[in-house]
1. What about G110, is it touching a residue at least 24 places away in the same chain (Cβ under 8 Å) and among the small types (G, A, S)?
2. Looking at (1) at pLDDT 60 or above; (2) in contact with a helix residue (DSSP H, G or I) (Cβ under 7 Å, 6 or more places away or on another chain), which one does H163 not meet, given that it meets all the others?
3. Taking into account only those residues within region 99-110 that are open to solvent by less than 20 Å² (accessible area, probe 1.4 Å) and either at pLDDT below 80 or not aliphatic (A, V, I, L, M) (or both), which is farthest from A154 (Cα to Cα)?
4. Looking only at region 83-98, how many residues end up being at pLDDT 85 or above and open to solvent by 60 Å² or more (accessible area, probe 1.4 Å)?
5. If I go through region 23-69 residue by residue, how many of them are among the hydroxyl-bearing types (S, T, Y) and closer than 13 Å to F88 by Cβ?
6. Any residue in region 137-157 that is under 12 Å from A111 (Cα atoms) sitting within a Cβ distance under 9 Å of a residue that is among the acidic types (D, E)? List the pairs, counting only those 6 or more apart or interchain.
7. Please return the ranges of strands (runs of 3 or more DSSP E) entirely within region 18-79 where 2 or more residues are open to solvent by less than 50 Å² (accessible area, probe 1.4 Å), in contact with an Asp or Glu (Cβ under 8 Å, 6 or more places away or on another chain) and not aliphatic (A, V, I, L, M).
8. Can you tell me which residues in region 111-127 are under 35 Å from the mean Cα position of the chain (by Cα) and either assigned to a helix (DSSP H, G or I) or at pLDDT 60 or above (or both)?
Amino acid sequence: MKRIMLLAAVLLASTGCATTHVASRDPIDPSVRDEINHRGTAHRAEVVLEDGRPFVAENLRLTDEHLSWTFHGESGNAATRDLRSASFRDRGRGALGGLGIGFAVGAVIGAIITETGPGCDGLLCFRSDSSDRLAFAAGMGALTGLFVGVPTGAAVGRPISYHFHDAAEPALRSNFDDEPPGTR
């Protein structure tokens, strides 16, 4: 039983909800540019330019000078310096996250519902001194969680976002700074 719970904890800890990258627009880090170009050919992207309005783009391509995309056969482009963010949804990683979360939550719920032993308070009380039934119940809960978690995770996807700033701006500001914004 301890092995099942340890495996569930490891799977849950290895799944993340989102990935956010913060990068400079001028110049764009070549590794970030390559990642966006790779994701842009495989996934739709939600792009936000300086005007603040998001739009969906396919075949997103980013160079040091400009950004280009297509959507429903029409093409568009903008200067790279106008790019605020680009976000993608990775369905494969979402399915893996659903696998881990479904397995862990299902195992815990299965174990709680089928608590064993004398004086049992569980919903399905197996009066047995053996922990085999508890392991079986946790395993069945984990299996049920997998059947629910994987399709849900694949449908939702794992968000991967790239946020851009000017080279002169600080990438992140601490909440513990004493100075108000704009005084540096």
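1. Yes.
2. Evaluating H163 over (1) at pLDDT 60 or above; (2) in contact with a helix residue (DSSP H, G or I) (Cβ under 7 Å, 6 or more places away or on another chain) leaves (2) as the failure.
3. If we take residues in region 99-110 being open to solvent by less than 20 Å² (accessible area, probe 1.4 Å) and either at pLDDT below 80 or not aliphatic (A, V, I, L, M) (or both), then G110 is farthest from A154 (Cα to Cα).
4. Total meeting the criteria: 3.
5. Going residue by residue through region 23-69, those that are among the hydroxyl-bearing types (S, T, Y) are 24, 31, 41, 63, 68.
With the extra rule that they be closer than 13 Å to F88 by Cβ, the set shrinks to 41.
Residues in region 23-69 being among the hydroxyl-bearing types (S, T, Y) and closer than 13 Å to F88 by Cβ: 1 in total.
6. A137/E115
7. 66-71
8. Matches in region 111-127: A111, I112, I113, T114, E115.
The values are calculated or read from the model by the stated rules, or taken from the named source; none is laboratory data. None of these values were measured; they are calculated from a predicted model. Here the Cβ is made from the backbone with ideal geometry for all residues, glycine too, and neighbour counts use every protein chain on show. Note: accessible area is taken over every heavy atom of the protein model, side chains too, but ligands, DNA and RNA are not part of it. Shrake-Rupley method; radii C 1.70, N 1.55, O 1.52, S 1.80 Å.
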